[in-house]
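S.K.: Just passing along the structure, written as structure tokens.
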Amino acid sequence: MTIPAYKNPALPVAERIEDLLSRMTLEEKAGQLNQWYNLGPDQYEQVRSGEIGSGLLANSSTAGNNRQERVFAKGINEIQKIAVTESRLGIPLIFGRDVIHGYRTVAPIPLGMAATWSPELIEAANTIAAKEARADGIHWGFSPMLDIARDPRWGRVAEGFGEDPFLVGQLAAGAVRGFQGNDTDAIPQQFPADRIVACAKHFVGYSAAEGGRDYNTTEITLHTLHNIYLPPFKAAIQSGCATVMSAFHDIGGIPLSAHRYLLGDVLKEQWGFAGFIVSDWGAVGELINHGVAADDSHAAELACNAGVDMDMSTMVYLKNLPDLVRAGKVSEARLNDAVGRVLRIKFAVGLFENPYADPDASQAVHLLPESLATIRQLAANSMVLLKNNGVLPLSSDAITLCLSGPLADQRQALFGCWTPDGQEEEVTTLKEAIAGRLGPETRLHYCELTDDAIKLARASDVLILAIGESAGRSGEDNCTTTIELPAGQEALVEAARCMEIPIVVVVFGGRPLNLTRVTDWADAVLFAWHPGITGGLGVADILFGDVNPSGRLPITFPRSTGQIPLYYNHPPTGRPMVANSRRHSRYVDSLDSPLFPFGFGLSYTTFEYGNLRTSPASEVPEISVTVEVTNTGNRAGTTVAQCYVRDSVASVARPVRELKGFERVHLQAGETKTILFRLGPEALSYLDDNGNEVLEPGRFQVWVGGDSNAGLGTEFEITSDGSID
Ligand code: BGC
């Protein structure tokens, strides 16, 4: 008996897809585009008849499994077996899950990971997450989230990499490589067996929700879309990201699930994206709520024609696409295109050859000591030292510490949002971590700040206060009207001042918080994000100086909620901010500047930048920027050298500064290194409203330094023949 071409692994994937498409009914095709959640016995019949193409593991008891037993793979295998052996064509299901920051080995939230400014560390974290998830039978993770964060009221800033398109794009590439294990600009023919498919989301502009309120409407100009919101997605696609999730919201009245220009023209045509687009949860059906679709059938027609390939959790594709094709409202070519895209990824994952997971594999892969060590390193490197008057690092000999604050002994708060596979009891709290690090002569009092505690604290050398947000206060659907600290926490820090001992404040959080007064009152402030399973240990590593802090803010910290939106790469305006000057863009009741600028972070040593030079590189117009960085303190440390550019005169107002390069530089005490940034046409251009690069001759400014206020700058000129002066 000859096997059908699509089952023959020796044939090219394109041929296998073509063969399979030629055998499928319209109903089976629609089935491939239908993703349903928490598949279990209730869905067996639908899987058997080819009506479901993908499973979404939405909670911890999916597919009949139970969280404690950790046997996802068993449930997945059961239902996969029905798809493979009992459906007419035997097409395997692809299972997706929200693998957002780590899996069982929970990593810091993405905003914290971004503070490392290290694509390599993020790649390492996602490699661990991919291996753990794949061992549980998961093929596809719904991250990285690449929404540019300009409004910290929006709870989902926790899930992304911050406010800068260039930084987010570079980190996205690391995240995609970690998940997929490939380093290519094409959708891979085959994913390694221990990796998962990445999903860049939420395409695009979702974070511009008015008022910072989740799912809300947005107004984004084409200029801002092309220059700010789209570039990180392009970077992910160029790194081979195999899927994209379209977002819930509308831009100027056009919901993304029906946005032909963005999904079709930009993503698929201009960028040549060959993977598939999955809708966000229920978003195709929600076209009715948006008021652009009359009913389910109309919603399916709009979304499919716009370019959404897979429908997450509404069944409207399954129920309507066959009739829409028969009625000529959706072409069969478009249906085949969507199905072909989904099948291409299924082939790439190797599902036709290896549809099943090994139920015993988890144990060998989850929570490995080397994984925990990597995630601890990542956590420590993600923490941003915002203030230090010399109290840190703590000495571990002969001192008495007092630890207090609502988050000092919390486990869940260290996880942050989206940790369906993390297990709280596996977290080391800050209290446990500090207790484990004490020297023989050190003492630790742990207390609530009551009257008794005040006595204890008074008898101590340093008071450490752990404050900030609980895990559930950021993430999806967790928006706030204010970025003030949760009730009572500021009062706690203020009260602690009366004890007249040095105060170290450790803040956990999923968003920039208003730390104006706390920073004033405390002797040291460490922003630790939600740092994951080893986060308590990471904080202790920093407090005791085992790790010299190197985290840098990937997002601006405003002085107050009223300053929002506040981001460093804003246009100059006709009346730029000038301190103490009237009739300039400013507030009368606040300083204009942020509390901490984008890129900011302190170290236990100091760095100096000097000798900034620019010179034409071999290729015109490309410019080399070199700078010398010196560690001027007395201990080794890492700084993040940041290179910013401004196009002084252009046809459109260009931002006051834009990040165009960065590098983590490790220096011994007294050591100097020369750092090189190469700025090619891409770095010196802006994108017009069609997404085309425009490079205009004229003067450019460039700065290099330790944050977005870097003072060391110079100028260069691109002449009209494209050369550099
Ligand atoms: C979120 C997505 C997520 C999806 C699946 C949606 O509510 O917006 O980010 O991947 O659910 O759980």
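S.K.: Working only within segment 665-686, note down all residues that are closer than 22 Å to residue 717 by Cβ and not acidic (Asp, Glu).
M.R.: Selection gives 676, 677, 678, 679, 680, 681, 683, 684, 685, 686.
S.K.: OK, next. Inside segment 69-110, can you point out the residues that are over 28 Å from residue 17 (Cβ atoms), β-branched (Val, Ile, Thr), assigned to a loop (DSSP other than H, G, I, E, B) and modelled with pLDDT of 95 or more?
M.R.: The answer is 100, 105, 109.
S.K.: Just to check your reading of the model, which residue among 552, 511, 473, 517 is open to solvent by 40 Å² or more (accessible area, probe 1.4 Å) and under 20 Å from the mean Cα position of the chain (by Cα)?
M.R.: Working: 552 fails: open to solvent by 40 Å² or more (accessible area, probe 1.4 Å); 511 fails: open to solvent by 40 Å² or more (accessible area, probe 1.4 Å); 517 fails: under 20 Å from the mean Cα position of the chain (by Cα).
Within the list 552, 511, 473, 517, the selection yields 473.
S.K.: Show the residue pairs that are 6+ apart or on different chains and have beta-carbon atoms under 7 Å apart, the first residue being within segment 158-170 and touching a residue at least 40 places away in the same chain (Cβ under 8 Å) and within 11 Å of residue 236 (Cα to Cα), the second being in a helix (DSSP H, G or I) and within 16 Å of the ligand (Cβ to nearest atom).
M.R.: 168/232; 169/232
S.K.: Residue under question is residue 225, and the condition is that it be more than 22 Å from residue 307 (Cα to Cα) and either more than 15 Å from the ligand (Cβ to nearest atom) or not in a loop (DSSP other than H, G, I, E, B) (or both); does it hold?
M.R.: Numbers: more than 22 Å from residue 307 (Cα to Cα): no; either more than 15 Å from the ligand (Cβ to nearest atom) or not in a loop (DSSP other than H, G, I, E, B) (or both): yes.
Spelling it out, it is not the case that residue 225 is more than 22 Å from residue 307 (Cα to Cα) and either more than 15 Å from the ligand (Cβ to nearest atom) or not in a loop (DSSP other than H, G, I, E, B) (or both).
S.K.: Every residue in segment 534-550 that is in a loop (DSSP other than H, G, I, E, B) and either over 25 Å from residue 152 (Cβ atoms) or of a type in the set (Lys, Arg) (or both), please.
M.R.: Passing the criteria: 534, 544, 545, 546, 547, 548.
S.K.: Which of the residues that make up segment 427-455 are within 30 Å of residue 103 (Cβ to Cβ) and either at pLDDT below 85 or touching a strand residue (DSSP E or B) at 6+ places or on another chain (Cβ under 7 Å) (or both)?
M.R.: Hits for segment 427-455 are 430, 431, 434, 435.
S.K.: Right, next: Does segment 241-257 contain any residue that is buried (at least 22 other Cβ atoms within 10 Å of the Cβ), free of Cβ contacts under 8 Å to residues at least 40 places away in the same chain, more than 22 Å from residue 567 (Cβ to Cβ) and within 16 Å of the ligand (Cβ to nearest atom)?
M.R.: yes
Per-residue answers, yes or no, for (1) out of contact with any Phe, Trp or Tyr (no Cβ under 7 Å at 6 or more places or on another chain); (2) closer than 30 Å to residue 133 by Cα; (3) aliphatic (A, V, I, L, M); (4) buried (at least 17 other Cβ atoms within 10 Å of the Cβ):
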site: 430; (1), (2), (3), (4): yes, yes, yes, yes
site: 440; (1), (2), (3), (4): yes, no, no, no
site: 455; (1), (2), (3), (4): yes, no, no, no
site: 477; (1), (2), (3), (4): yes, yes, no, no
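S.K.: Restricting to segment 651-694, name every residue that is surrounded by fewer than 17 Cβ atoms within 10 Å (Cβ to Cβ) and under 30 Å from residue 263 (Cβ atoms).
M.R.: Passing the criteria: 651, 652, 653, 680, 681, 682, 688, 689, 690, 692, 693, 694.
S.K.: Is it true that residue 579 is surrounded by fewer than 22 Cβ atoms within 10 Å (Cβ to Cβ) and among the aliphatic types (A, V, I, L, M)?
M.R.: Criteria met by residue 579.
Okay, residues lined up against (1) more than 16 Å from the ligand (Cβ to nearest atom); (2) among the hydroxyl-bearing types (Ser, Thr, Tyr); (3) touching a helix residue (DSSP H, G or I) at 6+ places or on another chain (Cβ under 7 Å); (4) open to solvent by 20 Å² or more (accessible area, probe 1.4 Å):
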position	(1), (2), (3), (4)
74	yes, no, no, yes
86	yes, no, yes, yes
94	no, no, yes, no
122	yes, no, yes, no
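S.K.: Would segment 158-176 turn up any residue that is within 16 Å of the ligand (Cβ to nearest atom) and at positive phi?
M.R.: The answer is no, given that none of the residues of segment 158-176 is within 16 Å of the ligand (Cβ to nearest atom) and at positive phi.
S.K.: Within the group 385, 407, 351, which residue is within 30 Å of residue 499 (Cβ to Cβ), of a type outside the set (Ser, Thr, Tyr), in contact with a strand residue (DSSP E or B) (Cβ under 7 Å, 6 or more places away or on another chain) and part of a loop (DSSP other than H, G, I, E, B)?
M.R.: Details: 385 fails: part of a loop (DSSP other than H, G, I, E, B); 351 fails: within 30 Å of residue 499 (Cβ to Cβ).
Residue meeting the stated conditions: 407.
S.K.: OK, next. From 230, 222, grab the single residue that is of a type in the set (A, V, I, L, M, F, W, C), in contact (Cβ under 8 Å) with a residue 24 or more places away in the chain and open to solvent by 10 Å² or more (accessible area, probe 1.4 Å).
M.R.: Numbers: 230 fails: open to solvent by 10 Å² or more (accessible area, probe 1.4 Å).
Residue meeting the stated conditions: 222.
S.K.: I'm told residue 476 meets every condition in (1) under 21 Å from residue 107 (Cα atoms); (2) part of a loop (DSSP other than H, G, I, E, B); (3) out of contact with any Lys or Arg (no Cβ under 8 Å at 6 or more places or on another chain) except one. Can you identify the failing condition by its number?
M.R.: Unmet condition: (3).
S.K.: Go through the residues of segment 112-122 one by one and say whether even a single one is within 26 Å of residue 38 (Cβ to Cβ) and in a loop (DSSP other than H, G, I, E, B).
M.R.: no
The values are calculated or read from the model by the stated rules, or taken from the named source; none is laboratory data. These figures come from a predicted structure and were not determined experimentally. Note: ideal-geometry Cβ built from the backbone for every residue, glycine included; neighbour counts use all protein chains shown. Protein only, heavy atoms only, side chains kept; ligands, DNA and RNA dropped before computing areas. Shrake-Rupley method; radii C 1.70, N 1.55, O 1.52, S 1.80 Å.
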